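Every read-out reported here was derived from the displayed coordinates using simple, explicitly stated rules and does not represent laboratory data. Since the structure is predicted, the reported quantities are computational estimates derived from the model, not experimental observations. No Cβ is skipped: glycine too gets one built from the backbone with ideal geometry, and neighbour counts run over all protein chains shown.
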Amino acid sequence: MINRYRWWEYVLIYTGLALFLTFILAPFVEAFLVSMRPLDGLFSIPYRFITDDMSFDAYVSMWDSVPLLFRYMMNSLGIAMAVTICGLLAIVPAAYAFSRFEFKGKNILLGAFLAVNMVSGAVLIIPLYKVMMGLGLLNTYFAMIAPGTAFVIPTGIWLLRSYLMKIPRELEEAALVDGAGRMYTLVRVIIPVALPGIVVVAIATFIAAYAQQFIYALTFNSVNELNPLPVGLFQFFGRQRVVWNELMAASLVGILPVMFVYIFLQKYIVAGLTAGAVKE
Amino acid sequence: MSHGKKIDWFPYLLLIPALLITLIIVAWPLVETIRLSFTDASMNPATHYVGLDNYEEMFSRRFPEVIARTFYWMSLSVAFKMCMGIFGAVLLNASVPGRTLARLLVMPPWIVPIAIGVFIWGWMYNGQFGMISGIAQRLHILSGPFEFLAYKNSAFMSTIVTDVWIGTPLVTVYLLAAMQSVPSDLYEAAWTDGASRMYRFRRITLPLIMPAISTMALLASIWTFNSFDIIWILTEGGPRNATTTMIIDTYKTAISRFRYGEGAARAVMIVIFLSIFSACYFSLIRKLSNRGGVK
């Protein structure tokens, strides 16, 4: 058969996969091993993978040595959720407009949104910093949520638009004939039907928002209590001698929420992430 | 609502929230950056227009070196990402037992918060106790501890490796999706004609996913060009500026040294390069969609 491999092809494929996945996963394995070792055991020479004094102590002690750890985690989750909700409020109507209506400047606007993806936050940070300072918005959650939202909108529109285009127009035409207003049709007919697509966009947005909380928080926020996890850890551990086992333990716990989402919804996420880059 | 030839405002109404946020957070700051690049803006509230002074100052300070370094860093990183991505996609496309699990395991570096992935790499590059130095010593590749982030060349390569690690999953999954969209009857026809697997890959798979490869290479270039977190956390642009790319240089000038005007001039240079990339991207997309190539 076409898909049958000879034995040496199996060997090649599995060796290749093993090498590839080692590169991808080795850092996580190493982080886990480090988090399990006591600090003085870490600094042992020669290098060893497994030592006999492994324990989960760092996962307990980290809450004491980083007093705000729980706060950082909640901040991260909260900011990511706020970005997702604000993002969706802008994404859903915009994607609907792009998928259903012909209007002047449509292609230019669509292209302009796509171009936003090419600009990095670092380019805009100077005027944004000045404005946030001027409006007294430095050191607020708002300063971290608003820029994050702007950068999840383009991909979201792109994703949801291609999903909405697959929904038959007859559906809303029927509703309109029945005398429903257009806003009502969007809220009561389109959104329920498009819900699976909206959920995919929401998940992809949440993961992106959770993954990219660094430069804005680092720049616009100097109040420790408001920091998301990455910046909180960066500044806490940057300030003194690095307690590596606790840093790794805290990092792994910080990864858990997205991993959880990923494992249960990975089919949708992979579809969502790639469609954003693939379509048209 | 709308009657006859009157403009239909409804779609514009729907676009208001998205447009408003984009205008305030992206479009206006972009214009403001250009304006600031002609001023001497700093912590001092009084600012004056200084013409092209910032640009002159910038180019007199070995700025071309920073540009060259940025492109060198970006090209190496994108090349590695694309190679890893093609390698991974080919393997994950093979119908062998366990591939579903393997596909699941590819994504984590992309999904995990970038900064947290980079913390882990920071430890791995540790010379005394990190994994890489440790294993290299055990295998007698290194004779003693090696601090990867402390020397110019090794720091440069280390930041690239981490960037490749973060970027590879998306490239892989994207190319895998492209490979799976190749119609299977093409393979079957070639197979009936006795074409070897290698031949089928070279003559069917590769030409058909070429549009996906070039699209991804361009997108990866843009993302890599914009890469900030990785370098900032690992080296802050050091040692002795060995990893100072244009983005890092801009950030250091504007935010660390509070020279907004000079920083803005650097940001404008970034925007110019990004526009060139974007123009390439859009013309590629247009060419491909005219041909009906990519989906």
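Anyone know which of B:Phe273, B:Phe201, B:Phe156 comes out most mobile in the 10 Å Cα GNM of chain B? Result: B:Phe201 has the largest fluctuation of those listed. Taking a straight line from the alpha carbon of A:Lys104, these aspartates and glutamates sit under 16 Å away, with near neighbours fewer than eight places off in the same chain left out: B:Asp8.
Taking Cα atoms, how many degrees apart are the long axis of helix A:121-134 and the longest axis of chain A, rounded to 10 and kept between 0 and 90? Long axis of A:121-134 versus the principal axis of chain A: about 80 degrees.
Amide H contacts under 5 Å for B:Gly127: B:Phe148, restricted to partners 5 or more places along the chain or on a different chain, H placed in the peptide plane at 1.01 Å from N. By how many degrees, between 0 and 90 and to the nearest 10, does the Cα long axis of helix A:7-36 differ from the longest principal axis of chain A? So the inclination is approximately 70 degrees. Hydrophobic long helices, here whole DSSP H runs in chain B with Kyte-Doolittle means of at least 1.6 and Cα atoms spread over 20 Å or more along the helix axis, are found at B:206-225.
Compute log10 of I(q)/I(0) for chain A with the Debye formula, placing one identical point scatterer on every Cα and leaving out solvent, at q = 0.07 Å⁻¹, to two decimals. Here the Debye-derived log intensity ratios amount to -0.38. Largest GNM mean-square fluctuation across A:Ile24, A:Ile79, A:Ile207, computed for chain A with C-alpha springs under 10 Å, falls on A:Ile24. The packing ranking, built from the mean of other Cβ atoms within 10 Å per residue, places the peptides B:14-24, A:60-70, A:113-123, B:168-178 in the order B:168-178, A:113-123, B:14-24, A:60-70, highest first.
Within the straight-line cut-off of under 18 Å between alpha carbons, the aspartates and glutamates reachable from B:Lys287 are A:Glu280, sequence neighbours fewer than 8 places apart in one chain being disregarded.
Give me the dipole magnitude in Debye, nearest 20, for chain B about the Cα centre, with unit charges on the beta carbon: positive for Lys and Arg, negative for Asp and Glu. Please report the intermediate quantities before stating the final value.
Working: 24 positive and 16 negative charges, 149 e Å.
In debye, rounded to 20, chain B gives about 720.
In summary, the aspartates and glutamates within cross-link reach of B:Lys252, defined as a Cα separation below 14 angstrom excluding same-chain residues under 8 places away, comprise B:Asp229, B:Glu236, B:Glu262.
Compute the projected area of the convex hull of the Cα atoms of the stretch B:17-291, averaged over all viewing directions, and report it in nm² to one decimal place.
On the way: hull surface 80.4 nm².
Mean orientational projected area (the stretch B:17-291, Cα hull): 20.1 nm².
Annotation: amide H-H contacts under 5 Å for B:Thr39 (H modelled 1.01 Å from N, sequence separation of 5 or more, or interchain): B:Val50. Candidates A:Ala146, A:Ile24, A:Val11 compared by Cα position along the dipole of chain A: farthest toward the positive end lies A:Ala146, with charges placed on Cβ. Of A:Met54, A:Met73, A:Met259, the residue with the greatest mean-square motion in the GNM of chain A, using alpha carbon springs below 10 Å, is A:Met54.
From least to most packed, judged by other beta carbons within 10 angstrom and beginning with the fewest, B:Glu262, B:Glu57, B:Glu65, A:Glu170 follow the order A:Glu170, B:Glu65, B:Glu57, B:Glu262.
Three principal axis extents of the protein assembly as shown based on alpha-carbon atoms, in descending order, are 81, 77, 48 Å. In the stretch B:17-291, taking the dipole from charged Cβ atoms about the Cα centre, the farthest positive-side position among B:Phe119, B:Ile272, B:Pro109 is held by B:Pro109. For the stretch B:72-143 and the stretch B:216-295, compute the distance between their C-alpha centroids and round to whole Å. Here the two parts' Cα centres lie 23 Å apart.
Taking other C-beta atoms within 10 Å as the exposure proxy, A:Tyr129, A:Tyr10 rank A:Tyr10, A:Tyr129 from fewest upward.
Relative to the longest principal axis of the Cα atoms of chain A, the long axis of helix A:229-239 lies at roughly 30 degrees.
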